[in-house]
């Protein structure tokens, strides 16, 4: 059994499968294994949205999107199914390790840290202590792409877990501090919810 993700990525981003390969090449721990993936090719080449052609760019910014598929080896259960505070902290810490490795070893910033992007590995956890992995790297940025840009771009992400600065200035490019702040909100959210 595998996990298939079918989505429309922003055309100005790296493909998620490319990012997973980069993470794997640099020995990043606690991330899913990409088996296959890439942009979907149709009769007329890569499948892209057309809607951006019909909007006035001065009033509405509609970015071009590319149809993409990704196959992941691991199957996970949602973080919200954690079994006690110890497991919550353990798996959140494992996701933080993945994030740290991604930044320090591979130069990749996740850009959308939230509970829905941390999964508990079903198979590994059945055999021993809970194992988690950080998923959804489609909004990630490479360190070399984080240079200041003359034109602002929407950084995206899950607003409920966004940093205070990214919420106050939504067009501000994501930084390492934004993702780290999001990790603080995850156990806080579940502690207050229960």
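Any read-out appearing in this document is the output of simple, stated calculations on the displayed coordinates, not a laboratory observation. All figures in this text were calculated on a predicted structure; none of them were measured in a lab. Here the Cβ is made from the backbone with ideal geometry for all residues, glycine too, and neighbour counts use every protein chain on show.
Observations on the model:
- C-alpha center-to-center spacing [region 74-127, region 1-45] in angstrom: 18
- Whether region 39-107 is rounded, prolate or oblate, judged on the alpha carbon gyration tensor where a/c under 1.5 counts as rounded: prolate
- With Cα atoms, 0 to 90° folded angle of helix 16-25 axis to the chain main axis: 50
- Candidate values [x] 11.3; [y] 14.1; [z] 12.7 were compared with mean projected area of the Cα convex hull in nm² computed on the shown model; the agreeing label is [z].
- Cα-based helix-to-principal-axis angle, 176-193 vs the chain, degrees rounded to 10: 50
- Between residue 90 and residue 180, the C-beta separation translates, for a Förster distance of 30 Å, into a calculated FRET efficiency of about 0.95.
- Projected label points at residue 26 and residue 10, each 7 Å from Cα along the beta carbon direction, are separated by 1.9 nanometres.
- For the options 171, 116, 69, a Gaussian network treatment of the chain with springs between C-alpha atoms closer than 10 Å singles out 171 as fluctuating the most.
- Anisotropy class assigned to region 105-194 is oblate, per the alpha carbon gyration tensor with a/c at or over the 1.5 cut-off and a/b no larger than b/c.
- Mean Cβ count within 10 Å, highest first, over the residues of peptides 107-113, 123-129, 164-170, 17-23: 107-113, 17-23, 164-170, 123-129
- Candidates 15, 182, 90, ranked by Gaussian network fluctuation over the chain, Cα under 10 Å, top entry: 90
- The mean sequence separation of alpha-carbon pairs under 8 Å and at least six residues apart, normalised by the residue count of the chain, gives a relative contact order of 23 percent.
- Helix-only mean residue ellipticity at 222 nm for the chain, each DSSP H run of n ≥ 4 adding -39500 (n - 2.57), per residue, nearest 500: -10000 deg cm²/dmol
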